[in-house]
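Chemist: First the structure, which I've put down as structure tokens, then a few questions once you've had a look.
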Amino acid sequence: MSNIQQLNDLATQVRRDILRMVHQVNSGHPGGSLGCTEFFVALYNEIMELNDQFDMDGIGEDLFFLSNGHISPVYYSVLARRGYFPVKELNTFRKIDSRLQGHPTTHEGLPGIRIASGSLGQGMSVAIGAALAKKLNKDEHLVYSLHGDGELQEGQNWEAIMYASGNKVDNYIATVDYNGKQIDGATDDVLPLGDLRAKFEAFGWDVLEVENGNDIEAVIKGLKEAKNRTGKGKPVCVLLHTVMGHGVDFMMHTHAWHGKAPNDEQLEKALAQNPETLGDY
Amino acid sequence: MKKYTDTGKKDTRSGYGAGMTVLGRTNPNVVALCADLIGSLKIQEFIDENPERFFQVGIAEANMMGIAAGLTIGGKIPFTGTFANFSTGRVYDQIRQSIAYSGKNVKICASHAGLTLGEDGATHQILEDIGLMKMLPGMTVINPCDYNQTKAATIAIAEHEGPVYLRFGRPAVANFTPEDQKFEIGKALMLNEGTDVTIVATGHLVWEALIAAEALENRGISVEVIDIHTIKPLDEKAILDSVAKTGCIVTAEEHNYYGGLGESVSRVLAQNRPVPQEFVAVKDSFGESGTPAQLMEKYGLNNKAIVNAVEKVLKRK
């Protein structure tokens, strides 16, 4: 499929999309979006098997669920650039009468979205349900999901984590965006997650870690390894170590840009670090 | 007065179980979920006949709602099962975001609604669930009155595209509607025609309304009795046609009077034809332990309470 240079070019363009989208409406969540750019680019262009046409049931293709819905900018950009809807529609993000709501939703019928998310902690349960439907339908394709690390403070996740291993939901790969940050600060300060790997393993999951979640080759390698581990009786967890705000030097290594848009000057500086590759929307 | 015969007391939750058995045999897309209450929901036969289509989620209702939402992606029709309290208030945000806002075809089936689960007390009773669920955009809310109607409703909602809240109860109550009835969502049932007063009742209160109507008819009061099994969408025409004749109305439900059937009826009347209305409902209170009959007496939810409400509303005409 795509070579690494093409994927990196796409990632750079996606970063520009994210920055321009949140800047235009002076709202949205750039930090986590920038940190998960390589993950989304790899997933939608290198990892998942996808049908040409979107339909809700997604029979005969892999499915993805975004649980931490606030990073909608990266999701929308990657979906648009994968052909789910016109790239120019990114211009409507968070505006009135848009399909690109602040948090993803099925309500306005945006192709590529299969569940509303934003109220945290619900996506893993939904992904498990979709994985169970795939098994009932004898559909061999996989279900993927992404979760914030701070989001794991929501108790419903642990109900789902317990269910997935207890019921051998092994056609499912849950990735955690392990950036160590949430709105109020470091996860270690807000509510420590402890040894996340040990926790997932204690619950009966097969866990692998991607140490550099902002290196496209490392992400692809990690997700391919995760795929290899499916079908063996255990759900698979990928702990994806990322840097919130990655790709914009002044947004990195801080939680300050979790949910804040850059001003005109900051946008210019950020875009200069991510030169246009595939054409702005 | 039209005569209704109790063919033998049965619990409405068993009507749900019987409906699920039928669906298990007739609709391969129907799947059932349960949060550690198989016996209470009476779905053992469905499970025995369709083990691959049953998901035991354990005591984890939030996860159950999310899994149900996910199962619809791929064409399944999930029926979730637990007590009404744990089907609604406990998991309201999961239902709101993952099911209602996402437009998922999930059937939330809730046993032990209202006061009549009895001795367990207020932690397990719920008198707010109709209000919670009817406020969700796109949610259909159904509260059938007996075993036969619950069975028919269970079968009918599988054919309805969209989220549904189906509410039923624990105690054995009169079973008087036809065994082979066709259940039409949103269509009120005229049980007895009359001209002096309208009683619209839902759930367990429908049988009580019939008893009350008989007592009132014996005193020469002509009572119209309507079974409102679907609270949302409400059969507004049936209500308006009836009060056009009678000029007053009593609503009866096993629910708080805030947020229940009565308030839905009030809205319709206020907008179209204001007439005196009295409410047979719990007056903004939690329940408590006791036998179902004791609770219905204490909280004013039986046929005597309906007779009193009719006397009161007639004076206001």
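Chemist: With respect to B:L166, is the statement that it is touching a Cys at 6+ places or on another chain (Cβ under 9 Å) and within 30 Å of B:I211 (Cα to Cα) true?
Modeler: So B:L166 fits the description; yes.
Chemist: May I pose another question? Can you confirm whether segment B:23-46 contains a residue that is facing another protein chain (nearest Cβ under 9 Å), touching a residue at least 24 places away in the same chain (Cβ under 8 Å) and either among the basic types (K, R) or at positive phi (or both)?
Modeler: No, the conditions are met nowhere in segment B:23-46.
Chemist: Return the only residue of B:G247, B:G262 being of a type outside the set (K, R) and crowded, with 19+ Cβ neighbours inside 10 Å. Steps first, answer last, please.
Modeler: Numbers: B:G247 fails: crowded, with 19+ Cβ neighbours inside 10 Å.
Exactly one of B:G247, B:G262 is of a type outside the set (K, R) and crowded, with 19+ Cβ neighbours inside 10 Å, namely B:G262.
Chemist: Moving on. Out of curiosity, is B:A174 in contact with an Asp or Glu (Cβ under 9 Å, 6 or more places away or on another chain), more than 30 Å from A:K138 (Cβ to Cβ), modelled with pLDDT of 95 or more and buried (at least 24 other Cβ atoms within 10 Å of the Cβ)?
Modeler: Values: in contact with an Asp or Glu (Cβ under 9 Å, 6 or more places away or on another chain): yes; more than 30 Å from A:K138 (Cβ to Cβ): yes; modelled with pLDDT of 95 or more: yes; buried (at least 24 other Cβ atoms within 10 Å of the Cβ): no.
For B:A174, the condition - in contact with an Asp or Glu (Cβ under 9 Å, 6 or more places away or on another chain), more than 30 Å from A:K138 (Cβ to Cβ), modelled with pLDDT of 95 or more and buried (at least 24 other Cβ atoms within 10 Å of the Cβ) - is not met.
Chemist: Between A:L19, A:L100, A:L10, which is of a type outside the set (G, A, S), more than 14 Å from chain B (Cβ to nearest Cβ), buried (at least 19 other Cβ atoms within 10 Å of the Cβ) and not in a helix (DSSP H, G or I)? Outline the logic, then answer.
Modeler: Working: A:L19 fails: not in a helix (DSSP H, G or I); A:L10 fails: not in a helix (DSSP H, G or I).
Every option except A:L100 fails the conditions.
Chemist: Need pairs with beta-carbon distance below 7 Å; first residue facing chain A (nearest Cβ under 8 Å) and over 14 Å from B:M139 (Cα atoms) and within segment B:77-104, second among the hydrophobic types (A, V, I, L, M, F, W, C) and assigned to a strand (DSSP E or B); sequence gap 6+ or separate chains.
Modeler: Going by the 7 Å Cβ cut-off, the qualifying pairs are B:P78/B:V31; B:P78/B:L33.
Chemist: Of B:A113, B:A69, which residue is touching a Gly at 6+ places or on another chain (Cβ under 9 Å) and either hydroxyl-bearing (S, T, Y) or within 8 Å of chain A (Cβ to nearest Cβ) (or both)?
Modeler: Every option except B:A69 fails the conditions.
Chemist: Which fully enclosed helices (runs of 4 or more DSSP H) of segment A:111-204 have 3 or more residues being touching a residue at least 12 places away in the same chain (Cβ under 8 Å) and of a type in the set (A, V, I, L, M)?
Modeler: A:123-136, A:155-166
Chemist: What residue, of A:L120, A:L193, A:L142, is within 18 Å of A:G58 (Cα to Cα) and surrounded by fewer than 24 Cβ atoms within 10 Å (Cβ to Cβ)?
Modeler: Exactly one of A:L120, A:L193, A:L142 is within 18 Å of A:G58 (Cα to Cα) and surrounded by fewer than 24 Cβ atoms within 10 Å (Cβ to Cβ), namely A:L142.
Chemist: Sticking with this one: Mind listing whichever residues of segment B:154-170 are within 13 Å of B:I185 (Cα to Cα), buried (at least 24 other Cβ atoms within 10 Å of the Cβ) and touching a Gly at 6+ places or on another chain (Cβ under 7 Å)?
Modeler: Selection gives B:T154, B:P163.
Chemist: Being at pLDDT 95 or above and under 25 Å from B:F168 (Cβ atoms) is true for just one of B:V223, B:V268. Which residue is that?
Modeler: Answer to the check: B:V268.
The values are calculated or read from the model by the stated rules, or taken from the named source; none is laboratory data. Keep in mind that what you see is a predicted model, and the values were worked out from it rather than measured. Note that each Cβ is placed from the backbone with ideal geometry, even for glycine, and that neighbours are counted across all protein chains shown.
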